[in-house]
Amino acid sequence: MLLFNTAAADVFYKQPKTCPHCQSEHYSLTNHSKILRFTILPVIPLSISYQRQCDDCGYMTPVSWYALPTLEMLSIIKYFAGVLLLGYFLIQTVLGVHQQTTNEVSYINKPKLFDTYFVHADKFTDTPKRINNLKVAQLVEFDNDNMTFRVGNYTYKYNKDIEIAMRTSMLVQDNYFSSKTMTFRKEQIQQFYEDNSIYKIMRPELYSLFGGFVMHPPKPKPLYTGVKLDKHNQEGITYFKDGLYTEALNSFTLSAEGGYSWGQLNLGQMYRDGQGTQKSLEKAAYWLNKATQQGNLKAKIELAELCLSYDCSNLNTD
């Protein structure tokens, strides 16, 4: 089937009448119009021709379109479906271009970090014009008068290549952008836009354009916000479980001196019990008190029990 073809039209409302020639009741409205179609979609009528024809004697008389029955006249609209659709898409295209232009002007007047500019490299960066002459620039700093950009190290021949780079998150790869930045006055950027040195401006949504990241999203908050483990304290626990009390004491000492309350608790317990060192209730009370001052409830209980047999009056409990 040809994409564009012609076809005969059908009558919507036959409205049979009495034939003036043979008095038959089969004198009906017929449609001899020709329609230009795109595959099966009517685009526009090439001719509109209606007649009344008798099925019995073949008698025919032409009928003007304005004399057609109302329902048949309204049905003619369907023959313009293609034109109406084309008009609709043209209007949407014009409105889309206008909206895009409005957005781009607002992006220049009210910039945001990481606004992404599609630029002609020879005009924007004053480099010699080459076949691959398109680049990406991103806004990294601005104030009321100036706008600072980082410019991509890569050049492209076609705009679709830039879209592919964005879709595959190339812009967040190391060394995609030059470490050097370029600063322009806002009036220069407006002039670049007017002379098409900047031919497109986009603002990332959810850190992405065309489905790919064009800026690094913020690091997510950690799922666990509880007690942070201390390396030396964990080593001390391992040594203690293996019966290596001297090594455990050394690890707990490093943890306690580093200000970790659980390391202070464990060190205090080892001094209290004389494990890996000589028993010292004074040192035990000191480290348990240190842990208590940091809000360690277990250390508070341990210290209270220790103070039943040891004079803790000299401890600083503030």
**Asked** Considering only residues of segment 183-234 that are among the aliphatic types (A, V, I, L, M), exposed (fewer than 15 other Cβ atoms within 10 Å of the Cβ) and over 20 Å from the mean Cα position of the chain (by Cα), which is modelled with the lowest pLDDT?
**Response** V227
**Request:** Exactly one condition in (1) out of contact with any Leu (no Cβ under 8 Å at 6 or more places or on another chain); (2) under 26 Å from P218 (Cβ atoms); (3) surrounded by 18 or more Cβ atoms within 10 Å (Cβ to Cβ); (4) aromatic (F, W, Y) is not met by Y176; state its number.
**Result:** (3)
**Asked** Right, Y88: of a type in the set (F, W, Y) and part of a strand (DSSP E or B) or not?
**Response** no
**Fill in**
Among the residues of segment 285-301, the number that are surrounded by fewer than 20 Cβ atoms within 10 Å (Cβ to Cβ) and of a type in the set (V, I, T) is 1
**Complete:** Scanning segment 42-75 residue by residue, those of a type outside the set (S, T, N, Q) and under 14 Å from P20 (Cα atoms) turn out to be R52, C54, D55, D56, C57, G58, Y59, M60, P62
**Request:** Can you confirm whether segment 112-122 contains a residue that is assigned to a loop (DSSP other than H, G, I, E, B), in contact (Cβ under 8 Å) with a residue 60 or more places away in the chain, of a type in the set (D, E) and surrounded by 12 or more Cβ atoms within 10 Å (Cβ to Cβ)?
**Result:** yes
**Asked** Tally time: how many residues in segment 207-243 are farther than 30 Å from S169 by Cβ, free of Cβ contacts under 8 Å to residues at least 12 places away in the same chain and either among the hydroxyl-bearing types (S, T, Y) or not in a helix (DSSP H, G or I) (or both)?
**Response** 6
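The values are calculated or read from the model by the stated rules, or taken from the named source; none is laboratory data. Everything quoted here is computed from the prediction, not taken from an experiment. With ideal geometry, Cβ positions are generated from the backbone for all residues, glycine too; neighbour counts draw on all protein chains shown.
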